[in-house]
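Scroll down for the structure; my scribbles are underneath it.
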Amino acid sequence: MANEFAGSAAYLEWIYSSGTVVLNTDFRTITYTPSMELIDATAGADAYRQSIASFTSVQLTFSGIFPSNGTAQMQALKERTTGTVNYGPAGTATNSPKVSFPAVVGGPAFNEPYADVVEISCTFSLYNGTVTYGAY
């Protein structure tokens, strides 16, 4: 097929009050997970569960190699920091898919194995807004 793309094409940026941080340069994984709550509307003689679609949410989890001069990255990903996530699964070429949403970050986590590179990870959660699906 002609439309496939490798994960290495991904683009991820975090825009917050002190600037913009591009996170895809040394990333290992990006996981985008939308979710939705269901309200149970089952009652009376219903033979099958009935549901009403309710609140939606989104989380994007990032992990990558932590640079030895990563203090700015640590500060940008500090817990409770709010901003905007822009995610391009196929990169930023014209008409490539783009997902944007206002987010709050849960803070940086570190994985420091004895004989491997140190990794940084964090989770961005939808924060007081809506998700926009579009294109670059």
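No value in this document is a laboratory result; all are computed from the given coordinates. All values reported here derive from a predicted model rather than from experimental measurement. Here the Cβ is made from the backbone with ideal geometry for all residues, glycine too, and neighbour counts use every protein chain on show.
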Extension gain (nm, one decimal) between Met74 and Ala43, 0.36 nm per residue minus Cα-Cα: 6.2 nm
Top positive-direction residue, dipole computed over the range 7-135 with Cβ charges, set Thr61, Pro113, Gly83: Gly83
Taking the chain and dividing mean pair separation by its residue count, relative contact order in percent (alpha carbons under 8 Å, at least six apart): 25 percent
Karplus-derived 3J(HN,Hα), 6.51/-1.76/1.60, for each residue of the range 119-136, Hz, glycine and proline x: 10, 10, 8, 7, 10, 9, 10, 3, 9, 6, x, 10, 8, 10, 9, x, 9, 6
In nm, spacing of pseudo-spin labels at Ala93 and Val22 (7 Å Cα→C-beta vector): 1.7 nm
Size of charge dipole - the range 49-119 - debye, nearest 20, with Cβ of Lys, Arg +1 and Asp, Glu -1, no other charges: 400 debye
Max mean-square fluctuation residue, GNM over the chain, Cα-Cα springs under 10 Å, options Ile120, Ile39, Ile15: Ile39
Euclidean distance between Cα centres, the range 109-136 to the range 1-23, Å: 11 Å
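Can you compute the helix-only [θ] at 222 nm over the chain? Use -39500 (n - 2.57) per DSSP H run of at least 4 residues, normalise by all residues, nearest 500 deg cm²/dmol. Each step should come with its number before you reach the end.
Working: 1 runs with 6 residues, N = 136.
Result for the chain, helices only: -1000 deg cm²/dmol.
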Modelled FRET efficiency - R0 35 Å, Thr56 with Ala9, Cβ distances, 0.05 increments: 0.85
Cα centre as origin, Lys/Arg/Asp/Glu Cβ charges: the range 7-135 dipole, Debye: 260 debye
Extension gain from Val118 to Val104, taking 0.36 nm per residue of separation minus the Cα-Cα distance: 2.7 nm
